[in-house]
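Here is the structure we will look at, set down as structure tokens.
The values are calculated or read from the model by the stated rules, or taken from the named source; none is laboratory data. Only a predicted model underlies this, so the values are computations on that prediction, with no experimental measurement involved. Methodologically, a virtual Cβ is constructed for each residue, glycine included, from the backbone with ideal geometry; neighbour enumeration extends over all protein chains shown. The accessibility values were calculated without ligands, DNA or RNA, using every heavy atom of the protein model including side chains. Shrake-Rupley method; radii C 1.70, N 1.55, O 1.52, S 1.80 Å.
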Amino acid sequence: MPEQRTRQIRQGAQRPGPVVYWMHREHRARDNWALLFAQSLAMERRQPLCVAYALAPGFLEAGRRQFAFLCAGLRETAAELEEKNIPFLLRLGDPPAAIPKLARELGAAALVTDFDALRLKRGWVSDVCSDLDMDIFETDSRNIVPCWTASDKREYAARTMRPKVHRLLPDFLVEPPELLPHPVALEKLPATATWEEVDRFLASRPGPESTAFVPGGAAATRALDTFIKTRLNRYGKGRNVPTDPVVSRLSPYLHFGQISSLRVALSVLAAHADKDSKDSYLEELIVRRELSDNFCYHEPEYDSTRCFADWASTTLAEHADDPRPHLYSDEQLERGLTHDPLWNAAQAEMVRTGHMHGYMRMYWAKKILEWTESPDRAMRVCIALNDRYQLDGRDSNGYTGIAWSIGGVHDRAWKERPVFGKIRYMSFNGAKSKFRIREYIDEHLGNPQKD
Ligand SMILES: Cc1cc2nc3c(=O)[nH]c(=O)nc-3n(C[C@H](O)[C@H](O)[C@H](O)COP(=O)(O)OP(=O)(O)OC[C@H]3O[C@@H](n4cnc5c(N)ncnc54)[C@H](O)[C@@H]3O)c2cc1C
């Protein structure tokens, strides 16, 4: 279904020259439909193919931990591409300036790039399109059913997205072809940044490192195999238990495109495991994840309270003046200094490891709504912390998860209560009845009695 996965976003001058794949979301050589499309175009035209990457000096709240994870993955990808006779050309600089410059140096005839639903990335792609007079194509390799094929509007909830995705899945849940050794080489390689320059760039990035995840596609494949062998069977019943995490912990790899959700889905489908667990996992990996891209693609205000449905904005406004017994500053929240040890433990998990269990993410965001003066501030704080500390932050899943928690996006109205109005509430006691919260607190905050 290439015409549904790839669309031409600019028609430009026709001339002979290399095909450039500008990689910016799907950082892998395998199972990458954009790269495969670029290769087929280059082969059809009997032209060289290369991959271009521009490492932006900053990206939203990303710091050293995220850039280090990203760059380690790129190093691995560059080596895999070289084996296929496809040069990986790296530039340090803002993509809207660096990519057209590189394309001109190469005398490129066509550009293929990744689809991304986020505003910043869409701005990059649009700037590059205005600057380059050549054919430009965009491929959605993030979603199994391409975002624009699944639906042409903002979906109301998972229940409206699900049938659309499931109807199209048989067409798109297919084994991709192998990337071939590319038969035509570039005559002259332009300058490319060295990995030493990248290391210097990383050293200048702010924030703590995280060692909880080994970066790269090979590590992602190992993590997937281990998940399938040891935890998938229990996913259905156990996915909301943060103390015995049976979840896959693949989100950093999926976020940076180091593994494709298609590969994960095909592997899960082929596994001999409990059917309910497989279905439940595929619901998160496909329906919920692709609903997030649908939301950010069709809702330009995905990171503000303006994206809330009318019922949610109304109920939150009706409770705007409710007393809030606990109010915290940005610093108190960032340092995990609230009265609630469970919340502080979740914050500590994220700050230390770059990841937070999915159940705790919901609790964490809802408490920020409870402990700030307004939903506007709650959204700002949640997004800033999520984007700064999570390896998988700055992702449509994050903006959607936060809008779900604070503004009932994709959810429905619940029993009315203070501050939250009809937005779904989560409580400390509710968490206590679900899992052994003491264990979770001890794990992430330490237990002074044990020391
Ligand atoms: C407040 C809040 C913030 C969140 N922030 C992010 C974020 O920044 N980045 C991010 O990738 N996810 C985010 N999520 C969604 C979800 O919590 C994480 O994707 C999941 O916890 C990642 O852990 P895992 O890989 O072990 O998930 P698993 O349970 O093993 O699920 C497998 C994959 O399915 C996808 N997935 C799972 N749950 C969801 C969901 N609710 N919505 C969309 N996709 C899902 C993810 O890609 C995940 O890696 C957030 C959710 C909430 C409520």
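Do you know which residues across segment 403-412 are within 15 Å of Asp293 (Cβ to Cβ) and either within 7 Å of the ligand (Cβ to nearest atom) or part of a loop (DSSP other than H, G, I, E, B) (or both)? I'd like the intermediate steps shown before the answer.
Keep residues of segment 403-412 that are within 15 Å of Asp293 (Cβ to Cβ), which gives 403-404, 409-410.
Those that are within 15 Å of Asp293 (Cβ to Cβ) and either within 7 Å of the ligand (Cβ to nearest atom) or part of a loop (DSSP other than H, G, I, E, B) (or both): Trp404, Val409, His410.
If you check Leu118 against the conditions, is it open to solvent by less than 20 Å² (accessible area, probe 1.4 Å), under 22 Å from the mean Cα position of the chain (by Cα) and either not acidic (Asp, Glu) or not assigned by TED's automatic domain parsing to the domain that holds Ile86 (or both)?
Values: open to solvent by less than 20 Å² (accessible area, probe 1.4 Å): yes; under 22 Å from the mean Cα position of the chain (by Cα): yes; either not acidic (Asp, Glu) or not assigned by TED's automatic domain parsing to the domain that holds Ile86 (or both): yes.
Criteria met by Leu118.
Filtering segment 388-399 down to residues that are open to solvent by less than 10 Å² (accessible area, probe 1.4 Å) and within 6 Å of the ligand (Cβ to nearest atom), which residue is nearest to Leu285 (Cα to Cα)?
In this case the residue turns out to be Gly393.
Run Ser261 past the list (1) open to solvent by less than 10 Å² (accessible area, probe 1.4 Å); (2) away from the ligand (no atom under 13 Å from the Cβ); (3) of a type in the set (Gly, Ala, Ser) and report the number of the one that doesn't hold.
The one condition Ser261 does not meet is (2).
Considering only residues that are under 25 Å from His255 (Cα atoms) and open to solvent by 30 Å² or more (accessible area, probe 1.4 Å), look in segment 327-360 and name the one that is nearest to the ligand (Cβ to nearest atom).
Looking at the filtered set, the residue picked out is Gly358.
Tell me which residues, restricted to segment 191-200, are surrounded by fewer than 16 Cβ atoms within 10 Å (Cβ to Cβ) and within 24 Å of the chain's Cα centre (by Cα).
Asp199
Among the residues that make up segment 216-236, is at least one of them of a type in the set (Gly, Ala, Ser), within 11 Å of the ligand (Cβ to nearest atom), within 24 Å of Gln66 (Cα to Cα) and open to solvent by 20 Å² or more (accessible area, probe 1.4 Å)?
yes
Which ones in segment 243-252 are within 10 Å of the ligand (Cβ to nearest atom), on the phi < 0 side of the Ramachandran plot and either in contact with a strand residue (DSSP E or B) (Cβ under 7 Å, 6 or more places away or on another chain) or in contact (Cβ under 8 Å) with a residue 60 or more places away in the chain (or both)?
If we filter segment 243-252 for residues that are within 10 Å of the ligand (Cβ to nearest atom), which is where we start, we get 245-252.
Now restrict to residues that are on the phi < 0 side of the Ramachandran plot: 245-248, 250-252.
If the condition is that a residue be within 10 Å of the ligand (Cβ to nearest atom), on the phi < 0 side of the Ramachandran plot and either in contact with a strand residue (DSSP E or B) (Cβ under 7 Å, 6 or more places away or on another chain) or in contact (Cβ under 8 Å) with a residue 60 or more places away in the chain (or both), then Pro245, Val247, Ser251, Pro252 are the ones that fit.
If I ask for residues that are touching a Pro at 6+ places or on another chain (Cβ under 9 Å) and of a type in the set (Asp, Glu), which ones from segment 297-346 would you list?
Asp322
Can you confirm whether Lys366 is in the same structural domain as Glu331 (by TED's automatic domain parsing) and away from the ligand (no atom under 11 Å from the Cβ)?
Values: in the same structural domain as Glu331 (by TED's automatic domain parsing): yes; away from the ligand (no atom under 11 Å from the Cβ): no.
When the stated conditions are applied, Lys366 does not pass them.
Determine whether Ala158 is of a type in the set (A, V, I, L, M, F, W, C), under 27 Å from Ser251 (Cα atoms) and either at pLDDT 95 or above or in the same structural domain as Asp387 (by TED's automatic domain parsing) (or both). Can you show your working first?
Details: of a type in the set (A, V, I, L, M, F, W, C): yes; under 27 Å from Ser251 (Cα atoms): yes; either at pLDDT 95 or above or in the same structural domain as Asp387 (by TED's automatic domain parsing) (or both): yes.
Considered against the rule, which asks whether it is of a type in the set (A, V, I, L, M, F, W, C), under 27 Å from Ser251 (Cα atoms) and either at pLDDT 95 or above or in the same structural domain as Asp387 (by TED's automatic domain parsing) (or both), Ala158 comes out as yes.
If Pro96 passes every condition in (1) open to solvent by less than 10 Å² (accessible area, probe 1.4 Å); (2) in contact with a strand residue (DSSP E or B) (Cβ under 9 Å, 6 or more places away or on another chain); (3) outside any strand (DSSP E or B) but one, which one does it miss?
Going through the list (1) open to solvent by less than 10 Å² (accessible area, probe 1.4 Å); (2) in contact with a strand residue (DSSP E or B) (Cβ under 9 Å, 6 or more places away or on another chain); (3) outside any strand (DSSP E or B), Pro96 breaks only (1).
What pairs come up if the first residue lies in segment 324-339 and is small (Gly, Ala, Ser), the second is open to solvent by less than 90 Å² (accessible area, probe 1.4 Å) and modelled with pLDDT under 95, and their beta carbons are under 6 Å apart, counting only those six or more places apart or on different chains?
Hits for this filter: zero, empty list.
Consider Glu82 against the criteria (1) open to solvent by 60 Å² or more (accessible area, probe 1.4 Å); (2) in contact with a Leu (Cβ under 9 Å, 6 or more places away or on another chain); (3) among the charged types (D, E, K, R): it satisfies all of them except one. Which criterion is unmet?
All conditions are met except number (2).
Take the residues of segment 275-311 that are among the hydroxyl-bearing types (Ser, Thr, Tyr) and more than 13 Å from the ligand (Cβ to nearest atom): which is nearest to Asp114 (Cα to Cα)?
As a first pass, look at segment 275-311 and keep what is among the hydroxyl-bearing types (Ser, Thr, Tyr): 277, 280-281, 292, 297, 302, 304-305.
Applying the additional criterion that residues be more than 13 Å from the ligand (Cβ to nearest atom) yields 297, 304-305.
Working: Tyr297: 14, Ser304: 25, Thr305: 28 Å.
For segment 275-311, the residue satisfying everything is Tyr297.
When you go through (1) open to solvent by less than 60 Å² (accessible area, probe 1.4 Å); (2) at pLDDT 95 or above one by one for Met43, which number turns out not to apply?
Every condition holds for Met43 apart from (1).
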